[in-house]
1. Collect the residues in segment 342-358 that are surrounded by fewer than 15 Cβ atoms within 10 Å (Cβ to Cβ) and closer than 22 Å to residue 450 by Cβ, keeping them in residue-number order.
2. How many residues, within segment 380-418, are outside any loop (DSSP other than H, G, I, E, B) and either among the aromatic types (Phe, Trp, Tyr) or within 20 Å of residue 491 (Cα to Cα) (or both)?
3. Considering every residue within segment 550-563, establish whether at least one is free of Cβ contacts under 8 Å to residues at least 12 places away in the same chain, surrounded by fewer than 18 Cβ atoms within 10 Å (Cβ to Cβ), within 30 Å of residue 418 (Cα to Cα) and more than 23 Å from the chain's Cα centre (by Cα).
4. Pick from 473, 492, 505: which is of a type in the set (Phe, Trp, Tyr), at pLDDT 95 or above and under 18 Å from residue 307 (Cα atoms)?
5. For residue 225, only one of the following conditions fails: (1) open to solvent by 20 Å² or more (accessible area, probe 1.4 Å); (2) part of a loop (DSSP other than H, G, I, E, B). What is its number?
6. Looking at residue 504 and the list (1) touching a residue at least 60 places away in the same chain (Cβ under 8 Å); (2) within 21 Å of the chain's Cα centre (by Cα), which single condition is not satisfied?
7. Has segment 120-130 got at least one residue that is surrounded by fewer than 24 Cβ atoms within 10 Å (Cβ to Cβ), in contact (Cβ under 8 Å) with a residue 40 or more places away in the chain and over 19 Å from the mean Cα position of the chain (by Cα)?
8. Please tell me if residue 593 is modelled with pLDDT of 95 or more, within 20 Å of the chain's Cα centre (by Cα) and more than 23 Å from residue 646 (Cα to Cα).
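The values are calculated or read from the model by the stated rules, or taken from the named source; none is laboratory data. Since we're looking at a predicted model, the values are computed, not measured. Here the Cβ positions follow ideal geometry from the backbone for every residue, glycine too, while neighbour counts run over all protein chains shown. All accessible areas refer to the heavy atoms of the entire protein, side chains included, with ligands and DNA or RNA removed. Shrake-Rupley method; radii C 1.70, N 1.55, O 1.52, S 1.80 Å.
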Amino acid sequence: MLRYRSGFAYGLDRVGRSQQQHRLNRFRLGALAVAFGLSVAACQPLASFRTVTLAAIAPALLKALPLPAQFNGRPRLNPLPPIQSVWQCQVVVIGGSLGGVAAAAQAMQSGATTCLIELTPWLGGQISSQGVSALDESLQMRDRQNYSPSWAAFRQLIQQQMVRLPSWVPVATPTPVAAINACWVGTLCFPPVAGATASAEWLQDAARSAPDSLWSTATAFKGAEFDAAGQKITAIYAVQRLPRQVDYTPTGRLSQEMGDWYSWSPSETFEKVAIRLQPPPGETLRVIDATDTGELVGWAGIPHRLGSEAKTTTGEINGSDRDNPQCTQALTYPFAIALYDDAGESLAQLAQVESTYPAKEHVANFELENFPVFAGRSLFHYRRIVSTSRNNPYTGSPALGDITMINWNRGNDWNWMNPPLILTEAELAESGQRQNWLGGLSALSLKHAEDRALLFAKWLLETQATAEFPLTYLAGAASPMATETGLSMTPYIREGRRILGRTAYGQAEFMLREADLRKDQPGGRNFEASAVALAHYDVDIHGCRYRNWEPSGEATAAPAREFVVRPALIPLEALIPQGVDNLLIGGKAIAVTHIVNAVTRVHYSEWGVGAAAGATAGWLVTQAEADLTPAEIVEMGYMPALQQHLRQQGLSWSW
């Protein structure tokens, strides 16, 4: 029988004298403390064991050990409540983001029974619950119509969505998105609900190929279960919340709702259902992290980077002067304003906003950067989501009843790192979220971002409204964001945790780097052999800063227009993390540097990455050899077969 030893065996069954017993007990405690990195006090409950065998001490040792250190090196949820619902899935997608919707659909189209969980009430991520319902695509991509068949079909589905408009909008309702679309940030802008309904229809259509698939909104990721080696995920845990009132409306204050949304415990607002997602008997689960912040990556301690990176870290020409894990790109709470006279009602409501930082500090950052407010290539036309006349957004003027979504760099962007949004590894460990995951975000940072957005809305109404162009801030259940405050349900998060890939393309820890996407820099690599997706856009960094302008560690020299950016192929290796054999990344958390994330974070790239992850997971389930891992696809020469499958699924990475 296995015994813990330190110098000599101490598995004595009986000790005659109490003094000798006491000395042996203290020895046992010291040995256990050394072996498991614990304090002697933490091992005190083990003192009574006479035969110190693994079988004898295991239950008490589990209580004494800090949970992230338990045997396989992965966290464990504690307490884990009774499971009320068990889902059997071949593929699990964590996060119904834009990438998550694409991932789940492609996995189902491949024939794999797929389960998806999404935190918010809406599917679609940045095109719905995050409020960025205006598609960012590069000018060259739009001119060439260089879209994958999958993305082109999804765009068309959005345009076909029927949306209901307020009674003061002089347009018949419901009306299709195509009849009210006219903006200049891109060629498709729409009310966020259209993104949510299109996402739901997209999944429903895909589920015809995998009819036992399941998905649920208002469902938070809580953690995972791993095998004994800590290298394979065997189950995912989640909590679904069911509103007690049928007319429940999200507040648009995630800083206040986040705790309840993630908690196992029922509340005055929600009933809760604990869910376990697991594979069918004898099968390997395939998991995709499609959350915007890399929630599973952060919870499980999977190797990743956070924030900006120094030139010496990545070798990038325009890297920052130091690594700064606090310096992720700005987050934004979009909101909607309309050309409508509400007699000052919405402005009066905004005047009641109480910000944590003095309002004047927020207002000092507001700047329209020489753009007109209404006519021509203006702030209002930039992301106009309802156009009653569909006039030219570059030359015309908006009409009464028009509605625009505001996502403005020198307005509602929140880039202050006081405090940073994403909790670091040390902060996660200290917070206890490894045992009870609550999103891995700073509630105070979210509160500051909410304040910034509401104060910018107030500033616009106070300083820019005229008699000809009256402005109303839209809030409430029937508003475009469908929240009490009028802010998006969750913020648009441009950057979260980014995985470190495995050894590939000359790197010990693979990441796409700046030179891989710049035409004017040497050292770019050809990823065609394992390409699964495509990215092309400006190097558009919404940079970080500190409140008092201390050095930020931002890559300030990196931003660049798209004419110096080459169409960047994204290889499969960018989707495969270290240390976990059945996990793929299906969104912003792929293996890219802080600089490259500025290109890959936008709509088309996120869709392509998610679709590739889902199609790959589906291929592994339905066509590959049993237990083939994502990392083995390239190693064992299966890449041509996988790429053929991706193309058959409507994916493309050609230019």
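1. The answer is 345, 348, 351, 352, 354, 356, 358.
2. Number satisfying all stated conditions: 11.
3. Yes, because at least one residue in segment 550-563 is free of Cβ contacts under 8 Å to residues at least 12 places away in the same chain, surrounded by fewer than 18 Cβ atoms within 10 Å (Cβ to Cβ), within 30 Å of residue 418 (Cα to Cα) and more than 23 Å from the chain's Cα centre (by Cα).
4. Details: 473 fails: under 18 Å from residue 307 (Cα atoms); 505 fails: under 18 Å from residue 307 (Cα atoms).
After ruling out the rest, the residue left standing is 492.
5. Of the numbered conditions (1) open to solvent by 20 Å² or more (accessible area, probe 1.4 Å); (2) part of a loop (DSSP other than H, G, I, E, B), the odd one out for residue 225 is (2).
6. Here residue 504 meets the rest and fails (2).
7. no
8. The answer is yes for residue 593.
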